[in-house]
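The values are calculated or read from the model by the stated rules, or taken from the named source; none is laboratory data. Since this is a predicted model, take the numbers as computed values, not measurements. Neighbour counts run over all protein chains shown; Cβ positions are idealised from the backbone, glycine included.
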């Protein structure tokens, strides 16, 4: 007979492994072979406006707008929002051929406020499609074309592939690049193969004007893109993934800057997980919308390092419980689930991560997790709530 303690640990083991099951299914679907979808350029592409929120980005704004200028067509606009800048961001954007509007509001700072300001600027002459790109993002050839066309085709939000392009190749940078590729390429690709919506991941996003104009952007949320995707999904406009549109972001220049960026991302992720998963589940059940339930499952997966730590701690507890005479079933559940998760990650690394993460560094995962422990300790003591700009690498 199983005791109450056995049942409690079995329940905790099932809860801990549930995100692993989600990741495993997404990874399995992402591993299926696919071909690049060819563009049908015989169909006219609708005009678009590209909004680029920028805070003190004078070093890299010309490179960002230059990559986009090669892809725009007649009727398109590149609009840089110089938000609370104390440098020459606006002047350099204009020098690179973009429009530049300047916003000053010391009390309301952050990307969401900047984007709301940019939409108000566009309202006088609204485009058919609005594209949101971060100031440190490089758009690969045809990336703009693909997200704009896909957004017009599906009449909804579209997310391109948004990953890091690390300039240094140390162990931390390799693991961070692989983790971001896993989160922003592999998992959304798996959802895409299942015909399910994805979360918005920060840059390389396209929206019909009628959809984005109604969104609430003027907030101080530190993961405003994730929250925006959830709001739009509940409003009936879930985001689609466009795996052939590639956008890269420069990596943080040092460990301190990388730590600040990770702290903001992961604290914001956990706050959004706790507040929005119940909201998505309720909306999905009440409206009988399986896509909202699937999005809730996707959002319910915590940052992988935190998941790794949580499962490790639970394994130790279950092991001690088994030694004291408790049931081994919780250990079996955790063991089988963990083995499946590890095999899935190894398979994903074999297809998507070989150029990002060397085999030697692959097995240094515990060290990478240790680097992030202070982030989770701060999450419990003093969670990040304010937007903080990440320092950039210098651009020649």
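Numbers for the structure displayed
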{"item": "Residues of the stretch 216-229 that turn out to be more than 16 Å from residue 201 (Cα to Cα) and modelled with pLDDT of 90 or more, as a count", "result": "0"}
{"item": "Matching residues in the stretch 360-378 - criterion: being in contact (Cβ under 8 Å) with a residue 24 or more places away in the chain and closer than 19 Å to residue 265 by Cβ", "result": "365, 368, 369, 371, 372, 373, 374, 375, 376, 378"}
{"item": "Which listed residue, of 200, 189, is within 22 Å of residue 30 (Cβ to Cβ), touching a helix residue (DSSP H, G or I) at 6+ places or on another chain (Cβ under 6 Å) and in contact (Cβ under 8 Å) with a residue 60 or more places away in the chain", "result": "189"}
{"item": "Scope the stretch 144-183; condition assigned to a helix (DSSP H, G or I) and either assigned by TED's automatic domain parsing to the domain that holds residue 344 or in contact with a strand residue (DSSP E or B) (Cβ under 7 Å, 6 or more places away or on another chain) (or both); matching residues", "result": "144, 146, 147, 148, 150, 151, 152, 154, 176, 177, 180, 181"}
{"item": "Strands (runs of 3 or more DSSP E) completely within the stretch 85-143 that count 3 or more residues being in contact with a helix residue (DSSP H, G or I) (Cβ under 9 Å, 6 or more places away or on another chain), modelled with pLDDT under 95 and closer than 21 Å to residue 224 by Cβ", "result": "none"}
{"item": "Residue 262, sole failed condition from (1) within 19 Å of residue 182 (Cα to Cα); (2) surrounded by fewer than 17 Cβ atoms within 10 Å (Cβ to Cβ)", "result": "(2)"}
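Yes/no per residue for (1) at positive phi; (2) without any contact (Cβ under 8 Å) to a residue 40 or more places away in the chain; (3) out of contact with any strand residue (DSSP E or B) (no Cβ under 8 Å at 6 or more places or on another chain); (4) surrounded by fewer than 24 Cβ atoms within 10 Å (Cβ to Cβ):
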position	(1), (2), (3), (4)
28	no, no, yes, yes
37	no, no, no, yes
42	no, yes, yes, yes
48	no, no, no, no
54	no, no, no, no
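Here's the yes/no breakdown for (1) under 27 Å from residue 260 (Cα atoms); (2) exposed (fewer than 12 other Cβ atoms within 10 Å of the Cβ); (3) at pLDDT 95 or above:
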{"position": "276", "(1), (2), (3)": "yes, no, no"}
{"position": "285", "(1), (2), (3)": "no, no, yes"}
{"position": "358", "(1), (2), (3)": "yes, no, no"}
{"position": "371", "(1), (2), (3)": "yes, no, no"}
{"position": "377", "(1), (2), (3)": "yes, yes, no"}
